[in-house]
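Right, one structure below, let's go through it.
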Amino acid sequence: MKIDYRSEIDKIRNSLKNYYNEQFKSEEEEYIENKKVKEQIKKLIIQVYNDSTLSEEDREYLIKVGVELLAKNTGCAEDLEIAEEILDSLFYDMKILSQENSDNFYEQYLCKRWQ
């Protein structure tokens, strides 16, 4: 069964939008939800990487889109902590991300506007 990754990416975008619009009872609850939503990006990247039905070009493109989605939703120190945990896992542990993917994240993430 072929997976519609663009639809999966849209679902994650909607989850992120819902997260940003939600009111939380505590900072801990907010952190847990933030991490949970961003872990969906990680799962998607792993799924894309392991999908043998995709061409190499499609795989690279979808991974790039996932990394950019993570970058565009990284705006504070807590977000960066979560994102770096995900990136480290995908880059160092699983060897899924390339140096180019990692560099792309750091060129685009929203915290850079404060530097």
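So residue 90 ticks every box in (1) loosely packed, with under 14 Cβ neighbours inside 10 Å; (2) at pLDDT 95 or above but one. Which box is left unticked?
If we test residue 90 against (1) loosely packed, with under 14 Cβ neighbours inside 10 Å; (2) at pLDDT 95 or above, just (1) comes out false.
Suppose we filter 49, 19 for residues that are under 19 Å from residue 88 (Cα atoms) and not hydrophobic (A, V, I, L, M, F, W, C); which single one remains?
Answer to the check: 49.
Yes or no: the range 8-17 includes at least one residue that is in contact (Cβ under 8 Å) with a residue 40 or more places away in the chain and among the acidic types (Asp, Glu).
There is no residue in the range 8-17 that is in contact (Cβ under 8 Å) with a residue 40 or more places away in the chain and among the acidic types (Asp, Glu).
Run down 19, 49 and say which single residue is in contact with a Leu (Cβ under 9 Å, 6 or more places away or on another chain) and not basic (Lys, Arg).
So the residue among 19, 49 that is in contact with a Leu (Cβ under 9 Å, 6 or more places away or on another chain) and not basic (Lys, Arg) is 49.
Among the candidates 73, 18, which residue alone is within 20 Å of residue 103 (Cα to Cα), open to solvent by 20 Å² or more (accessible area, probe 1.4 Å) and not charged (D, E, K, R)?
None of the other options fit; the residue is 73.
Might you check whether a residue that is free of Cβ contacts under 8 Å to residues at least 40 places away in the same chain, under 18 Å from the mean Cα position of the chain (by Cα) and closer than 22 Å to residue 88 by Cβ occurs anywhere in the range 26-33?
Taking every residue of the range 26-33 in turn, at least one turns out to be free of Cβ contacts under 8 Å to residues at least 40 places away in the same chain, under 18 Å from the mean Cα position of the chain (by Cα) and closer than 22 Å to residue 88 by Cβ.
The values are calculated or read from the model by the stated rules, or taken from the named source; none is laboratory data. In this text, all values refer to a predicted model and were calculated from it rather than measured experimentally. Using ideal geometry, Cβ is built from the backbone for each residue, glycine included, and neighbour counts are taken over all protein chains shown. Only protein heavy atoms, including side chains, enter the accessible area calculation; ligands, DNA and RNA are left aside. Shrake-Rupley method; radii C 1.70, N 1.55, O 1.52, S 1.80 Å.
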